[in-house]
1. How many residues, within region 74-101, are under 24 Å from GLY334 (Cβ atoms) and crowded, with 19+ Cβ neighbours inside 10 Å?
2. Within region 127-151, how many residues turn out to be touching a Phe, Trp or Tyr at 6+ places or on another chain (Cβ under 7 Å), at pLDDT below 90 and assigned to a loop (DSSP other than H, G, I, E, B)?
3. Out of GLN113, GLN83, report the one residue that is of a type outside the set (A, V, I, L, M, F, W, C) and in the same structural domain as ASN193 (by the TED database).
4. Can you find a residue in region 368-382 that is of a type in the set (S, T, N, Q), assigned to a helix (DSSP H, G or I) and open to solvent by less than 10 Å² (accessible area, probe 1.4 Å)?
5. Which of the following residues is of a type in the set (Gly, Ala, Ser), closer than 30 Å to ILE67 by Cβ and assigned by the TED database to the domain that holds GLY419: ALA374, ALA353, ALA332, ALA393?
6. Can we say GLY131 is on the phi > 0 side of the Ramachandran plot and either open to solvent by less than 40 Å² (accessible area, probe 1.4 Å) or outside the structural domain of MET337 (by the TED database) (or both)?
7. Could you name every one of the helices (runs of 4 or more DSSP H) located completely within region 169-247 that has at least 3 residues being over 26 Å from the mean Cα position of the chain (by Cα) and buried (at least 20 other Cβ atoms within 10 Å of the Cβ)?
8. The conditions are (1) at pLDDT 85 or above; (2) farther than 28 Å from ALA228 by Cα, and ILE189 fails exactly one of them. Which is it?
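The values are calculated or read from the model by the stated rules, or taken from the named source; none is laboratory data. Here the structure is a predicted model, which means the values were calculated and not measured. Here the Cβ is made from the backbone with ideal geometry for all residues, glycine too, and neighbour counts use every protein chain on show. Each accessible area value is taken on the protein alone, full model and side chains, heavy atoms only, with ligands, DNA and RNA left out. Shrake-Rupley method; radii C 1.70, N 1.55, O 1.52, S 1.80 Å.
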Amino acid sequence: MLAVAALVGLIPMVAPATASAEGETYVVATDITFAPFEFQDASGKFVGIDIDLINEIAADQNFTVTIKPLGFDAALQAVQANQADGVIAGMSITDERKKVFDFSDPYFESGVQMAVLASDDDIKSYEDLRGKRVAVKNGTEGAEFAESIKDKYGFTTVYFADSASMFDEVRTGNSQAVFEDYPVLQYGIAQGNGFKTVTPKEKGANYGFAVNKGQNAELLQKFNAGLAQLKESGRYDEIISTYLGEEAVDNDNSFLGLLKSTFPILMIGLRMTLILTVVSIAIALVLGVIFGLLRVSRSVVLRAIGTTYVDIFRGTPLLVQAFFIYFGIPSALGFQMSALTAGIITLSLNAGAYMTEIVRGGIQSVDKGQMEAARSLGIGYLPTMRKVILPQAIRTMIPSYINQFVITLKDTSILSVIGIAELTQTGRIIIARNFQSFTMWLIIGIIYFVVIMALTKLSDRVEKRLVK
């Protein structure tokens, strides 16, 4: 556990405010892929309207804030599960959400606009959407507005977890328009995402900072007081103009330009991917041997334990396991767990289930006569397993073990849903800033390919040496 705790510091996800060390420290969840309200700049620092507001409010009110970057849905769950003290993520204040959260005073008046590709001259109003598909983002004001008018104008909606994916849906031609909060559209168009707005801004709800219902009232009061101070001093207007102005534009979006500017950040994400993979696969190997032996045990009870473990973790999606371990268990038992710890536990248990079957298959591939011969010489069951059966089984398990290593490396991308900034999540965060999806996913795909091929070649050489 000490090693795991030490690794937490490697996650580039903390953005402390410049507050006094004597003040209270609060964990605030956010959706770090929602530019210009929260995103990661070229230097890897978390910035945006929301991030700057909460940091400056913290400094003004003498408390410290630690940003926990999650997707929008996961950020809300983190607050409900008491894994975070509050959430600031361009979150509209609605009557439904007031039943679950307590909101601050509004800090931004939002609104919704429809956008289409800049090259699309066919869709100019809501009436032109009849019979077409519209892309929206989960839990946003844009999605709510689209749902409210889709029957009237005869279009269907399709949901996505982040804004970049929503825009990509239209680029592919599968949908024809997006409904999005107007500041996000304004920022994306300024970044050159290839869209244009075709409708006036619809009056929308207000954004608010939120805490779990009935909890952290003091934090809410501090936010309101600090927000009032920022507005009175004029600093609030400076923050808004900074991120909605031309200075927020990132100009060099060529392949080489993006590779050069994002490479250091991507390497940090790759490092986290490798840490998750190596630690998890090592633990999974131990679990695989233990439960693999249980699976071939002569005891019915032990075999049942091994079978149950395998069935649970092979029979449920890794995504569900990650949410259950990170949000469900801490909420039920009343404690907090770091995202890295939850990620390693999730990957280890999941990969361990597959390793169990690899070990079982390897043991059963050894001729039964080996066990009988050892037992006839008076050697006990466990010593026979350890000294005779397992050494022979390992040779047949090596290819499957290498394959599971590669699978686990790719599975780390799923852990982005709980806020771990591995390689895929790092890519999403970058895309949220520059909206260059194709080029960025190409760069990330190349990195994965190079790493996996290098590991595969290395593993092949190790396998050949062990088999000799």
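1. Number of matching residues: 13.
2. 2
3. Among GLN113, GLN83, only GLN113 is of a type outside the set (A, V, I, L, M, F, W, C) and in the same structural domain as ASN193 (by the TED database).
4. no
5. ALA332
6. Taking the combined requirement at face value, the residue satisfies it.
7. Result: 217-233.
8. Tallying (1) at pLDDT 85 or above; (2) farther than 28 Å from ALA228 by Cα, ILE189 fails exactly one: (1).
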